[in-house]
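The values are calculated or read from the model by the stated rules, or taken from the named source; none is laboratory data. Since the model is a prediction, treat every value here as computed from it, not as a measurement. All Cβ positions, glycine included, derive from the backbone under ideal geometry; neighbour counts span all protein chains shown.
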Amino acid sequence: MDDFIAQMPKAELHLHLEGSVEPETLHELDPSSPIEEYRALYRYADFDAFLKAFAVIGKRLRTPEDYALITHRLLERLAAQNVQYAEIIVSAGVVLWKGQEFAPIFDAIHDAALGSPVEVNWILDAIRQFGVEPAMAVAKLAAERVDRGVVAFGIGGSETRGPAEWFPDVFAFARDAGLHLTAHAGEGTTPVSIWAALNLGAERIGHGISAALDEALMRYLREKDIPLEICITSNLVTGVVRRIEDHPVRQLFDAGVPIVLNTDDPAMFGCTLVGEYRLAAERFGFSQPELRTIAENGFRYSWRRNGRLPKT
């Protein structure tokens with residue numbers, strides 16, 4: 001099974017650039033602080049504490065060169081796992097919140113990905129709880145870069161403090177600009193949040209695990225062929241799922257809901273994509289054919305211009 005997973009072509013569709021930064025890389029960027037201080041940032045008791053840590057780590061990224069370095073490091077790790085395609089989420093909302101100029105940062109990460117064996121596209125992410133105007137600013141940045149590999153606009157952050165109902169105009173603008181639409185929803189909240197994201201036009205749902213509580217919603221996702229971007233380890237570390245036995249990944253798959261396995265924030269959650277597939281096999285009984293189906297979903301539901309599956 002380990003060899004099968006390692007050799008299988010894989011795609012990542014839910015992967016935050018800022019959440020991929022290892023403590024060692026932060027120390028490389030700023031060795032003036034001891035590495036234990038950086039490692040302490042990666043310990044959190046719940047989802048809100050994780051969001052605060054994500055913001056703190058983001059604040060440590062100060063220059064375009066910092067962003068280029070973390071992009072290089074991430075793509076090296078992906079290539080080593082035979083990840084052939086990735087849609088990397090960039091928290092443009094955090095960049096603007098920090099008062100930084102986005103253009104040179106995007107130029108740096110875009111150029112850093114050139115020549116990588118991993119094919120890359122980008123999703124620009126707004127922070128829900130920051131409100132509508134900051135979200136629209138992110139959507140405009142995304143619209144300006146549709147010819148440079150930005151394929152989608154999405155919203156992340158706190159579902160309760162930034163409900164989807166705030167953003168219909170922002171999503172309409174992004175859709176009219178030729179962008180795909182995604183939203184974090186149903187991560188630590190009820191299925192109502194997923195329905196709200198779908199009402200905005202979301203074509204994929206980040207996490208979406210509370211869909212397992214709503215038979216009608218699972219049927220809708222199956223019939224409309226709308227995938228959930230499942231991140232098992234992430235849900236455990238943030239505490240939105242208390243025990244691994246309670247994670248609904250198997251229930252969702254068996255109900256015919258399209259799913260894709262992802263790492264979300266691999267450095268912050270101490271996981272890899274290979275590890276997520278191994279977890280699915282060992283703890284949830286996914287067979288090799290089932291894992292291959294999930295891996296193929298990563299390409300099938302991607303927003304790459306060439307939707308063909310890779311050669312195996």
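If you go through region 22-36 and pick out every residue that is charged (D, E, K, R) and touching a residue at least 40 places away in the same chain (Cβ under 8 Å), you end up with 2.
Under 25 Å from Y277 (Cα atoms), outside any helix (DSSP H, G or I) and among the hydroxyl-bearing types (S, T, Y): does that describe T160? Steps first, please.
Details: under 25 Å from Y277 (Cα atoms): no; outside any helix (DSSP H, G or I): yes; among the hydroxyl-bearing types (S, T, Y): yes.
When the stated conditions are applied, T160 does not pass them.
Given the structure, is L13 buried (at least 17 other Cβ atoms within 10 Å of the Cβ), free of Cβ contacts under 8 Å to residues at least 24 places away in the same chain and of a type in the set (A, V, I, L, M)?
When the stated conditions are applied, L13 does not pass them.
Each residue in region 110-149 was checked for being touching a strand residue (DSSP E or B) at 6+ places or on another chain (Cβ under 7 Å) and part of a helix (DSSP H, G or I), and 8 of them qualify. Annotation note: Cβ proximity below 8 Å between a residue of region 138-162 that is without any contact (Cβ under 8 Å) to a residue 12 or more places away in the chain and small (G, A, S) and a residue that is in a strand (DSSP E or B) and buried (at least 18 other Cβ atoms within 10 Å of the Cβ) (sequence gap 6+ or interchain) occurs for no pair. In a residue-by-residue description of region 31-54, the property of being buried (at least 21 other Cβ atoms within 10 Å of the Cβ) and β-branched (V, I, T) applies to no position.
Is it true that S302 is surrounded by 24 or more Cβ atoms within 10 Å (Cβ to Cβ), under 26 Å from D2 (Cα atoms), small (G, A, S) and at pLDDT 95 or above?
Values: surrounded by 24 or more Cβ atoms within 10 Å (Cβ to Cβ): no; under 26 Å from D2 (Cα atoms): yes; small (G, A, S): yes; at pLDDT 95 or above: yes.
Taking the combined requirement at face value, the residue does not satisfy it.
If I filter region 260-279 down to residues being surrounded by 24 or more Cβ atoms within 10 Å (Cβ to Cβ) and without any contact (Cβ under 8 Å) to a residue 60 or more places away in the chain, which single residue comes out as nearest to F4 (Cα to Cα)? Out of the qualifying residues, it is E276.
Sub-9 Å Cβ pairs linking a first residue in region 74-103 that is touching a residue at least 24 places away in the same chain (Cβ under 8 Å) and surrounded by 24 or more Cβ atoms within 10 Å (Cβ to Cβ) to a second residue that is among the charged types (D, E, K, R) and in a loop (DSSP other than H, G, I, E, B), at least 6 apart or interchain, are E87/R304, ordered by first then second residue. Suppose we keep only residues that are surrounded by fewer than 21 Cβ atoms within 10 Å (Cβ to Cβ) and under 22 Å from E229 (Cα atoms) within region 141-156. Which one would you say is farthest from the chain's Cα centre (by Cα)? The qualifying residue farthest from the chain's Cα centre (by Cα) is G149.
Of all residues in region 242-283, those satisfying the criterion of being more than 24 Å from E87 (Cβ to Cβ) and in contact with a helix residue (DSSP H, G or I) (Cβ under 6 Å, 6 or more places away or on another chain) are I244, R250, Q251, A255, R283.
Restricting attention to region 289-304, the residues that are of a type in the set (S, T, N, Q) and without any contact (Cβ under 8 Å) to a residue 60 or more places away in the chain add up to 1. Please find, within region 113-124, the residue that is surrounded by the fewest Cβ atoms within 10 Å (Cβ to Cβ) out of those that are within 19 Å of the chain's Cα centre (by Cα) and touching a residue at least 40 places away in the same chain (Cβ under 8 Å). Here the residue is E119.
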